[in-house]
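Engineer: After the structure tokens below, expect a handful of questions from me.
The values are calculated or read from the model by the stated rules, or taken from the named source; none is laboratory data. Nothing here was measured: the structure is a model prediction, and the numbers come from that model. No Cβ is skipped: glycine too gets one built from the backbone with ideal geometry, and neighbour counts run over all protein chains shown.
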Amino acid sequence: MTAAMPFLIPPRRFDAHGGFFSLSPHAVLTLAAPEPLPHALRLAESLVPQGGGRQCCTGPNYTLTFGAPEALPEVPEIVSEASPEAYAFTITTSGVAARATSAEGLFRCCAFLKRELARGQLPCGCGEDAPQKAVRGVMLDVSRNRTYSLKTLFSVVDQLVLLGMNRLELYFENVFAYRDHVAVWGKTSPYTPTDIAALDAYCAARFVQLVPNQNTLGHFERWLKHPDYLRYAELPQGGARTPWGSIQAHPTGLFAADRTTRDFVKGLLNELLPCFTHAKTVNLGGDEVFDLGQGRSQCEDKAALYLGYMREMADVALHHGKRPELWADMLIRHPEILPEVKRILPEVRWLVWGYEASDPIVANAERLQAEGLEVVVSPGTSSWRSFCGRTSNMLANIRAAASVASSGILLTDWGDAGHWQPLTISLPALTFAGALAWNPTAEPDVAVLTDVLCGEDGLGECLLRLGDTYLTANAAAGNATKLFQAYNLPLADAPKLEPDALRKTLDELEELAALPVLSGSSLAVRETRYALELQRLAVLRALQTPGLRRRRAALAAQMSLLWAERGPRAQLDDSLSAFLSQELPE
């Protein structure tokens, strides 16, 4: 580290004194607190060199010292910040001393040291830190074929810890093992109450809240495709009209005006919510309910129907001691009801989502705030409907979300269209969102921070460059890339891209493939190589290149292997068959 290098995530205040602290082989770590600190100690112990020492003792305050025992700095006074996650620290050439307001604050301090020391040195000085947003989380889509294993989810939680994030959500449609609904989840690998208990405990031990996320009104197509559940459908025959003029062929939304339907969904929540022992919040979904009021509950006042339905769902959440959250797009589409929302759903926190750099996510959030509603802003990883992500769009989208004076950021990682993209593609977005959720004015080095999280020097820069190859091909598109469409659509319907731009993209992909970091064998590296080759396949198909079957077969084999390393294979065949069914040039 040089004097010009900032912290990976800058603290709220830091007064530099000159010089650097470097780990010595005999550094000693001491934690003191009025209570046992097994989780903070375990995290902090990973900082200690093999020849160093460590201890945890009882004391009146939450303090940490780390470095040369004969010359440690004085433990600083506690910060004035009221946050339970706050801490103050002093760094000298001999060591580090810190004081926190709670066990959670000391844990965040340990994560700060682990993250920043990954580059070898710390600048000397005094500082204090606390997160500037209360909610700092990520939502993973586990309902679009990919269901992640507990091993994978534990690793994600460990990455959240290093970023100072405090929430994980798994987006459920049909992948929880509800007792009486085996027909719906029987061909998936659902999460059981035992799975949730294990993940909940792992999260809680690391000051991460595992939040239940069960859609309760729309996106029920995976239920409604089963005949026994069509009685709950608003449009059993399908045919909902969307705001974009398209038609949803299959039934997707629930019959909101029906008492039997409401009792059915309440039963799901009553079974699900007790499994999340430590959660204080529940995400009840409620987004994109396009068929609401178009069928069996046909009415002119769709907004009132929506609010009345969600009032009942919110009451179930509150009964289980969890604050309800809802996606905010229905309010934004029906602004005439905004003055009523605070009265009807006063406890609800609203999740304002928008995934394009051009989306009015700031204006939408501020509009709801002007009505006295509390909001969390939800940008996206920009990974879905792409093979390699969309770096420029992702950075601008997350930066806009962080600029809102909101209660927090919930980064969403969707799996639309088969979830072909691997998890590693979303890693730069996770690092950027985590950094800005902690410090919205930060200018983090996303590439280096990504390297720290995945343990691969140079992979972050590779991922960022790879995620912008769609721009080289002039293939930008809303909620997708045209390169993804160039593979995912029939040849006759695929977008026509400029041959010269496509050939330039091939050159860029070849240059990236030759980077030394991509010769490694870690899962993150292999997923990156796989994504790069998917992008190459899409470019070659767009160029009408013949003879691609062998290349695609090799990628299908890689998809199978990598999929199995991240989780169960149960729904792999659906994604794999869609991948293999696309027509190739002769």
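Engineer: Here are some residues: Ala303, Ala328. Which one is touching a strand residue (DSSP E or B) at 6+ places or on another chain (Cβ under 6 Å) and among the aliphatic types (A, V, I, L, M)?
Structural biologist: Ala328
Engineer: Counting just the residues of the range 11-35 that are outside any strand (DSSP E or B) and out of contact with any Ser or Thr (no Cβ under 8 Å at 6 or more places or on another chain), which one comes out nearest to Ser102 (Cα to Cα)?
Structural biologist: The extreme case among them is Glu35.
Engineer: Considering only the range 41-57, how many residues are in contact (Cβ under 8 Å) with a residue 24 or more places away in the chain and either part of a loop (DSSP other than H, G, I, E, B) or of a type in the set (Val, Ile, Thr) (or both)?
Structural biologist: The qualifying residues number 6.
Engineer: Okay, moving on. Say whether the condition of being farther than 27 Å from Ala435 by Cα and free of Cβ contacts under 8 Å to residues at least 60 places away in the same chain is met by at least one residue in the range 1-23.
Structural biologist: No - not one qualifying residue is present in the range 1-23.
Engineer: Follow-up question, since we're still on this one. Kindly provide the set of residues from the range 218-245 that are surrounded by fewer than 22 Cβ atoms within 10 Å (Cβ to Cβ), at pLDDT 95 or above, among the charged types (D, E, K, R) and within 15 Å of Gly295 (Cα to Cα), ordered by number.
Structural biologist: Within the range 218-245, Arg231 is the sole residue that qualifies.
Engineer: Return the residues of the range 36-75 that are under 24 Å from Ser102 (Cβ atoms) and among the polar types (S, T, N, Q); say none if nothing qualifies.
Structural biologist: Hits for the range 36-75 are Ser46, Gln55, Thr58, Asn61, Thr63, Thr65.
Engineer: Tell me yes or no: at least one residue of the range 266-273 is in the same structural domain as Gln209 (by TED's automatic domain parsing) and part of a loop (DSSP other than H, G, I, E, B).
Structural biologist: no
Engineer: Moving to a separate point now. Test Pro60 against the criterion of being surrounded by fewer than 18 Cβ atoms within 10 Å (Cβ to Cβ), over 21 Å from Phe207 (Cα atoms) and touching a residue at least 40 places away in the same chain (Cβ under 8 Å), and give yes or no.
Structural biologist: Spelling it out, it is not the case that Pro60 is surrounded by fewer than 18 Cβ atoms within 10 Å (Cβ to Cβ), over 21 Å from Phe207 (Cα atoms) and touching a residue at least 40 places away in the same chain (Cβ under 8 Å).
Engineer: Let me confirm something: among Ala447, Ala370, which residue is at pLDDT 95 or above and either closer than 20 Å to Arg526 by Cα or of a type in the set (Phe, Trp, Tyr) (or both)?
Structural biologist: Just one listed residue meets the conditions, Ala447.
Engineer: Show me the helices (runs of 4 or more DSSP H) entirely contained within the range 302-362 in which 2 or more residues are out of contact with any Lys or Arg (no Cβ under 7 Å at 6 or more places or on another chain) and within 16 Å of Gly218 (Cα to Cα).
Structural biologist: 302-319, 329-333
Engineer: Please list, ordered by first then second residue, the pairs with beta carbon atoms under 6 Å, 6 or more apart or interchain, first in the range 313-334 and on the phi > 0 side of the Ramachandran plot and crowded, with 20+ Cβ neighbours inside 10 Å, second at pLDDT 95 or above and part of a helix (DSSP H, G or I).
Structural biologist: none
Engineer: If you don't mind, there's one more thing I want to ask. So for the range 277-289 (the condition being among the charged types (D, E, K, R), assigned to a loop (DSSP other than H, G, I, E, B), in contact with an Asp or Glu (Cβ under 8 Å, 6 or more places away or on another chain) and surrounded by 20 or more Cβ atoms within 10 Å (Cβ to Cβ)), does at least one residue qualify?
Structural biologist: The answer is yes, given that some residue of the range 277-289 is among the charged types (D, E, K, R), assigned to a loop (DSSP other than H, G, I, E, B), in contact with an Asp or Glu (Cβ under 8 Å, 6 or more places away or on another chain) and surrounded by 20 or more Cβ atoms within 10 Å (Cβ to Cβ).
Engineer: So how many residues does the range 246-265 have that are within 30 Å of the chain's Cα centre (by Cα), closer than 12 Å to Gln294 by Cβ and in a loop (DSSP other than H, G, I, E, B)?
Structural biologist: Total meeting the criteria: 4.
Engineer: Something else now. Looking at the structure I just gave you, is Leu254 touching a Leu at 6+ places or on another chain (Cβ under 7 Å) and surrounded by fewer than 17 Cβ atoms within 10 Å (Cβ to Cβ)?
Structural biologist: no
Engineer: Which fully enclosed strands (runs of 3 or more DSSP E) of the range 118-203 have 1 or more residues being among the aromatic types (Phe, Trp, Tyr)?
Structural biologist: 167-172
Engineer: Report whether or not Ala442 is at pLDDT below 95 and not assigned by TED's automatic domain parsing to the domain that holds Met165.
Structural biologist: Spelling it out, Ala442 is indeed at pLDDT below 95 and not assigned by TED's automatic domain parsing to the domain that holds Met165.
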